[in-house]
Each structure stands twice: as structure tokens, then as C-alpha cells.
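The values are calculated or read from the model by the stated rules, or taken from the named source; none is laboratory data. Keep in mind it's a predicted model, so treat the numbers as computed, not measured. All Cβ positions, even for glycine, are placed from backbone atoms using ideal geometry, and neighbour counts span all protein chains on display. Surface accessibility is based on the protein's heavy atoms, side chains included, excluding ligands, DNA and RNA. Shrake-Rupley method; radii C 1.70, N 1.55, O 1.52, S 1.80 Å.
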Amino acid sequence: TKTISKCYVQVTGMTCASCVANIERNLRREDGIHSILVALMAGKAEVRYNPAVIHPSAIAELIRELGFGATVMENCGEGDGILELVVRGMTCASCIHKIESTLMKTNGVLYCSVALATNKAHIKYDPEIIGPRDVIQVIKDLGFTASLVKKDRSASHLDHKQEIRQWKRSFVVSLVFCIPVMGLMIYMMVMDSQLSDAHAHHNMSSEEMEARHSSMVLEYQLLPGLSVMNFLSFLLCVPVQMFGGWYFYIQAYKALKHKTANMDVLIVLATSIAFAYSFVILLVAMAEKAKVNPVTFFDTPPMLFVFISLGRWLEHVAKGKTSEALARLISLQATEATIVTLGPDNVLLSEEQVDVELVQRGDIVKVIPGGKFPVDGRVIEGHSMVDESLITGEAMPVTKKPGNTVIAGSINQNGALLISATHVGADTTLSQIVKLVEEAQTSKAPIQQFADKLSGYFVPSIVAVSVVTLFAWIIIGFVDFEIVEKYFLGYNKSISAAEVIIRFAFQASITVLCIACPCSLGLA
């Protein structure tokens, strides 16, 4: 018996099925090569050869001569099949030992471990020698029942509908309350500028008197120290802080629990501090029965939440779009296959319906007209037209006769075909495409990794800067009060200098914190 080894060659530069056929055809002719299988999407060739005659490096060289790039892959473990089974009927450790020892003795099984608590078996096998159905049969012969771990075919992990809904809700809530807050703010600004113009000219016309009067309505104190403006802003701010910011609080809490600081932490810090400071200042003003209304930041949280929840909402909509494409791809996969047993002269002896995951390499699969091809394979018998538009985009059906290759997921049109499975499970073209799309989604662009790394340092540094601002202004204020007086316009002359300094320092540091939130880094 001549020994046969197996090697994998990474092949680059293949563009279509004819490249695959070209490589397979030319290499089969060579001495010492027993069989060759090329997977187009994975860019991988699996070659079985006689080591006495030819070496893997020589095989790669042969492929290179055909005009493709080829390198021998070192880790041959890639060819191992991995099987997850649910085994029922085990009662104790001796059952486990029985299953494990029997499987390890079976030719082709490389590794096996069974867990009693979860009823699961994890098996590695060589797909050349043995397949999932054989393994399940071995376990059944021992008197247990075994079935595949059901894969979630619905691709529910790709569904962003719930996140889209929650961010949309968050955005709408914030927007509803933000518009009146912004309205009030702009109105006050316009009125203030009109008033200051009037003061500059010292002659108040009737219109300016009216302007003054209407801005007085907002400045009117319901209780000493509590103006209509501040009261309204407070009322509008509370629901946003509660409902609009709910998800931000959850994310921030999770981040802090893992001792990391992300943008959510910064947003929550800025809005909570702005809200808490404004609330405390109002209480202080009411306690002092202040004549002049304090400067509050109630307009900040709603506006921040509007910007950022809009950003998050758009982000999830975009993610949902790509994931939708992926979910559609996954839905193209057939779920079952009809496996047939052939006698001499290709006479049909029997056929059975099995799960797609149970199809083994070399199985003969029957595909009826209108059926999907469950695996990649080669036609043995029958003539038909096949719609391969899912892979090639070609609208015209392709003729298939014995010897032609077929692609999993494509649709058989008019004749029944018998195919021999060449690529099964995760090796089919469709599975490879799904895997590539998934990897493309999970892998980050270098610039994105850089941005993520930066935002890790960004949050603590912003917090540090705003704390520094706070203390710097307190120190400046106590050393030279006139500077603070120059910048802090319209403060109440009746309160103590120390309080003025602290209020001003807080305003400065909250401003720093809030400005950092809707920055391009955070929104992006």
C-alpha cells in the first residue's frame, strides 16, 4: 500500500470557477498526486499526494507555473471536522467513559470529550475517513441517542431591530423636550440683546418696553429665587434625564463596572453634573430668596441627548443594513439534503432525508427540480439547468451535465441530478462568503482601532481637564477676585465673593465637560 499524505496550499489570484477547473485538471495529471480539491472562496487547495514521489513545495510550484500565487499552509489541522452533539441517555461517569473510549478506538476520530452536565459531546475527526453520520451511528449502537446541536439558522444575532427601536425612542423623547428648551433659550437671548441695545440708547420705545415686559414674564419669580424660565427648563429636563438617557446610564454603569471609561461615561457625567449643579443652585437661590435668577444648565442634557441618540440611531440603522444582507445570504442555505445509496450501474437502492450538517464528503446527494443544492459537489448523473445567480449574478441558467461542479444554495431547475459532495458544512462556497462578510463586519479599520484606543484616554483626560478648570478658577478667584468679576457678568452683588467664585468655577468646568461630549470623536 502506498502511503498518502495530505497538504493544504493557499492559492491566490483565482477569480472564477474556470481557474479552479484549470488547477484541478492540470495537477491531476502529475505523478504522485492522488486527488486535489480547490475551494474558490477560501482560496485553499487540499491535495492528497504520495510523499515518496512529490513534496508539498513542488505542488505549490506546479500551481505557480499555472500563473497563480501558491504557498504551502503549515497548519494542516484546518482539515479536521469538528462536531458538536447532544447525547441523551447518559446517567453516570461510566457512560461517558464508554462513549469516549469507543469513539477514540474508531478509525478517523482524533479527539473526543463528553460532558455529563451539559449532555454535550465535542468531537474532532478526519473527514477523509469518517463523517458525522458514522459518529452518530457509533453512539447510537452503544444505546444512547445523539443529535446535532441545533444551529441558530435565523441569524437572530444579526438583528438590530431592537436597538434601532430603543435609540429611536430615546431620540424622539429627547427631541420632544429639547425643542421647547431651545425655544426658551433662543427667546431669552434675543430679548436680552434687544434690552441691552435699548440700554445703550437710553430711550425705550413702546416695542422695547413690550420686549422687556415679555422677557420679564420668563424672569418672573414663582417663588423667591425660582424663575418661570428655570422652572420650565427643570420640568422639561427631568423626563429627558430619566427616559432619554436611560440606555446611556446602563452602558456607562457596565463600562465603569469593568473599570473602563467610554463615551457613555462622559455623556452621563456631563449631563448628570450639569443637571445636579443646576438643581442645587436653584435650591440655594430659593433658600437665599435671591433677587437675581441664577444661571442654570438645564438646557444642556436634552440637547446633548438629542445629538448623541440621533448618532446612535443612525449607526444601528447602518449596521442593520449590512446585517440584513448577511441574514439574506444565510437564508439561502438549504436545511436538508436527500442522500441516496447507489448500487452497481448507479441503481438507486435507498434514499434518506438528513440535516445538511450531516452530509459527508463523498456522499451521493439527489437534487430534485426546484430544489436547492445543499452542498458543493460534482454532477455524477443527470442533465439540468441551474440558476447560480446567487453567486455569479448571472441571470441565465447554466447547463449542468456529469462532471460539472455545482454550488451550494443555487437552484436546480428542470432535471433531477445526482451529485457527489466535495465541500460540505463550513467549506461550501456559500458558508465561505458568509464567513467573509461576517469577518468584514467584525474586523475594524486601523483608523477605527486608533479612535477606540484614543477614546479610552479621551474620557479620563476630559474629566481631568474639567477638574483642573474648577480648581484653577477657584484659586484665581481667591488670589485676584477682579478677574472673575470681569468675566462673570450680571452676578448678584448681594452674595459673598467666595460663592461667586465657586459658582463661576463650576460653570467653567461644566462647560468644558459638556462641550467635549458632542465632539466629532464622540459622535463618530
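What to note about this one:
- With 0.36 nm allotted per residue and the present C-alpha distance subtracted, the M396-L223 stretch has 54.3 nm of extension available.
- Peptides 131-139, 339-347, 160-168 ranked from most to least packed, by the mean per-residue count of other Cβ atoms within 10 Å: 131-139, 160-168, 339-347.
- Among the listed pairs K161/K453; K168/K321; K44/K150; K259/K453, those whose Cα-Cα separation exceeds 18 Å are K161/K453; K44/K150.
- Amide H contacts for N293 (H built 1.01 Å from N in the peptide plane; partners 5 or more residues away or on another chain; cut-off under 5 Å): none found.
- FRET efficiency, R64 to I447 (Cβ-Cβ, R0 30 Å, nearest 0.05): 0.30
- Ranked by the mean number of other Cβ atoms within 10 Å per residue, highest first, peptides 41-48, 324-331 order as 41-48, 324-331.
- Ligands, DNA and RNA left out, the 1.4 Å accessible surface of segment 328-447 is 56% carbon and sulfur atoms.
- Chain lengthening between V292 and K319 when straightened (0.36 nm per residue, less Cα-Cα): 4.7 nm
- Sorting 501-510, 411-420 by their mean Cβ neighbour count within 10 Å, with the most densely packed peptide first, gives 501-510, 411-420.
- Using only alpha carbons, segment 247-364 has a radius of gyration to Kirkwood radius ratio (Rg to Rh) of 1.50.
- Backbone HN-Hα couplings from phi across segment 305-321 [Karplus 6.51/-1.76/1.60, Hz, Gly and Pro as x]: 4, 4, 4, 7, 5, 4, x, 5, 4, 4, 4, 6, 5, 5, 4, x, 5
- Gyration tensor over alpha-carbon atoms, segment 359-428, equivalent ellipsoid semi-axes in Å: 17, 14, 9
- Summarised in one figure, the compactness ratio Rg/Rh of the chain, Cα atoms and Kirkwood Rh, is 1.20.
- Taking all C-alpha pairs of segment 16-148, those more than 25 Å from each other amount to 44 percent.
- Label-point gap, in nm, between K120 and E30 - each point 7 angstrom along Cα→Cβ: 4.1 nm
- For segment 391-478, the direction-averaged projected area of the alpha-carbon convex hull comes to 10.5 nm².
- In this label model, I129 and L283 are separated by 7.5 nm, measuring between points 7 Å along each Cα→Cβ vector.
- 3J(HN,Hα) couplings calculated from phi for segment 171-178 with the Karplus curve 6.51 cos²θ - 1.76 cosθ + 1.60 (θ = phi - 60°) are, in sequence order, 5, 4, 4, 4, 5, 4, 8, 6 Hz; Gly and Pro show x.
- Taking amide H atoms as placed 1.01 Å from N in the peptide plane, the amide H of S35 lies under 5 Å from those of R48, each 5 or more residues away in sequence or on another chain.
- Candidate lysines for bridging to K105, where Cα separation is under 20 Å - those fewer than 8 sequence places away on the same chain excluded: K120, K124, K140
- With 5 Å bins beginning at zero, the pair-distance distribution over Cα atoms of segment 88-145 amounts to 4, 19, 36, 25, 12, 3, 1 %.
- Taking θ as phi - 60° and the Karplus parameters 6.51, -1.76 and 1.60, the scalar couplings of segment 340-348 work out to 10, 10, 9, x, x, 6, 6, 7, 5 Hz in sequence order, x denoting glycine and proline.
- FRET efficiency, 1/(1 + (r/R0)^6) with R0 60 Å, evaluated for W246 and N22 via beta carbons: 0.50
- With the convex hull of the Cα atoms taken as the outline of segment 334-456, the averaged projected area works out to 9.7 nm².
- Tail beyond 20 Å, pair distance distribution of segment 324-399 (Cα, percent): 39 percent
- Length available on full extension from S147 to S5: 0.36 nm per residue minus the Cα-Cα distance, which gives 47.9 nm.
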